[in-house]
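A.B. asks: I have a structure I would like to understand better, so I am pasting it below and will then ask my questions one at a time.
Bear in mind these aren't lab numbers, they're just calculated from the coordinates by the rules spelled out. If you're wondering where the values come from, they're calculated on a predicted model, not measured in any experiment. Please note: Cβ atoms are built from the backbone with ideal geometry, for glycine as well, and neighbour counts cover all protein chains shown.
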Amino acid sequence: MGRLVMKFGGTSVANVDRIRNVARHVEREVKAGNQVAVVVSAMAGTTNQLVEWCKQAAPMHDAREYDAVVATGEQITAGLLAIVLQEIGIPARSWSGWQIPIETDGVHSAARMTNINGAEILKRMEQGQVAVIAGFQGIGPDKRITTLGRGGSDTSAVAVAAALKASCDIYTDVDGVYTADPRIVTGARKLDKISYEEMLEQASLGAKVLHLRSVELAMVYNVPLQVRSSFEAPDSPNQNKPDGTGPGTIVCQEEKSMEQHVVSGIAYSRDEAKISLRKVKDKPGVSAGVFGPLAEADISVDMIVQNVSADGAVADITFTLPRKDLRKAIDVLEKLKDQIGFQDITHSADVAKVSVVGIGMRSHAGVASKMFKSLADKGINIQAITTSEIKVSVLIDEAYTELAVRALHTAYGLDKA
Ligand code: ADP
Ligand code: ASP
Ligand code: MG
């Protein structure tokens, strides 16, 4: 018994039959005596369709109107789930972000939540009503609908759980967090537990099973977080294990035993592009001249590599950025060509970032060299490298992404026995 937020992603609510299946998971938790709030995503494919319609209407559209359009997907599923729950005798009511309200800042299409007033929802939950909340959306200071960025319903769910002092179960189309994307690596293993820190790295490096900010929030507010499957039968005996380990993966504070594995997972991201500025003058202020204007244009740069020529007079600067920002970044830099002083600019969108993550790396040497050797053995060229305390990332040709992920998974001994 307790207070619980259950979040269901797009594939879990892809049609009315699946919404009925979701309702049975909710019913199970209500019957077990829990006070339940549910956060839902849009039906699979719906948000993509809505985004596409905005693009067709005008390639450079107003972000407020984009939000007004794309937030509708979640409203449909919230209403449908409330109807289906009522139909099976569970009192339920749907909520859009503005009705709660879930307040956000004014950055339309990439808003951050600033406050959630959970009072009304709590009152109703205590009376036995299930709150079905549209994920991904809130209301900005201008009183208009905002959205939180793609994949943001996970973050809605964790924020609601923090506001209600509840635990949070993220139901998705896999039964937990794996050592690598199980759709690419068939030998990937499900983890019983993963630390917030490792999950943060995994999410930031492309493992989309959890939205990055949902993990940040869970870590800051100490929200008990679990990733589990909506496709496991709602009445399966596996749903509530007596030893409390849960059927999925628990994301929690680091435990001593977690350091025993050096690498806990391999992540990849295809959302990468690379720009090289050739023959940049090698003098103080040049990097600031390149990266300052990119930051002002809201483009976040990730890996940076600089090679200085033999005579030290010029340098090549290569960096990576989100693929969607490639055109914008080139426009910004070309306008500044004379001011920065470079000879030419080249770019590629056929690159991917592959990373190995693990808290055990802090105390074990040789992780990076094993990565480089494994990739070399497969003939995969490394174009750039970055490291942090618990991860090593490399940039490679996108065509080799799956090969690299599988090779590394094997090299670090992560394959299923
Ligand atoms: P939802 O629609 O439920 O939010 P997502 O598609 O956003 O689901 O996230 C689930 C997907 O994340 C899985 O289908 C899987 O392919 C992918 N994924 C990537 N890396 C991992 C990983 N390490 N463990 C589990 N799933 C992963
Ligand atoms: N429907 C939104 C998206 O597809 C939010 C989410 O599903 O998390 O990005
Ligand atoms: Mg998701």
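A.B. asks: Can you tell me what share of the DSSP beta bridges in the chain is antiparallel? A percent to the nearest 5 is fine.
C.D. replies: Within the chain, antiparallel bridges account for around 60 percent of the total.
A.B. asks: Continuing with the same structure: Give me Val158, Val405 ranked fewest to most by other Cβ atoms within 10 Å of their Cβ, as a rough exposure proxy.
C.D. replies: Least crowded to most crowded, the residues run Val405, Val158.
A.B. asks: A further question follows. May I ask for the distance between the Cα centers of segment 367-389 and segment 98-118, given as a whole number of Å?
C.D. replies: When both Cα centres are located, 41 Å separates them.
A.B. asks: Once the Cα atoms of helix 72-87 and of the chain are each reduced to a long axis, what angle between those two axes, in degrees from 0 to 90 to the nearest 10, is obtained?
C.D. replies: Between helix and principal axis, roughly 30 degrees.
A.B. asks: Give me the net charge of Lys353's neighbourhood, meaning all other residues with Cβ under 9 Å from the Cβ of Lys353; Lys, Arg count +1, Asp, Glu -1.
C.D. replies: After counting each charged neighbour, the total is -2.
A.B. asks: In the structure displayed, which of Lys190/Lys378; Lys370/Lys391; Lys55/Lys337; Lys274/Lys337; Lys283/Lys324; Lys208/Lys373 lie more than 22 Å apart, Cα to Cα?
C.D. replies: The answer is Lys190/Lys378; Lys55/Lys337; Lys283/Lys324; Lys208/Lys373.
A.B. asks: Please compute the net charge surrounding Gln127, taking Lys and Arg as +1 and Asp and Glu as -1 over other residues with Cβ under 13 Å from its Cβ.
C.D. replies: +1
A.B. asks: Once the Cβ-Cβ distance between Thr386 and Lys31 is put in as r, and R0 is 41 Å, what FRET efficiency do you end up with, to the nearest 0.05?
C.D. replies: Calculated value: 0.25.
A.B. asks: Based on other C-beta atoms within 10 Å, arrange Asp298, Asp271 from fewest to most.
C.D. replies: The order, fewest Cβ neighbours first, is Asp298, Asp271.
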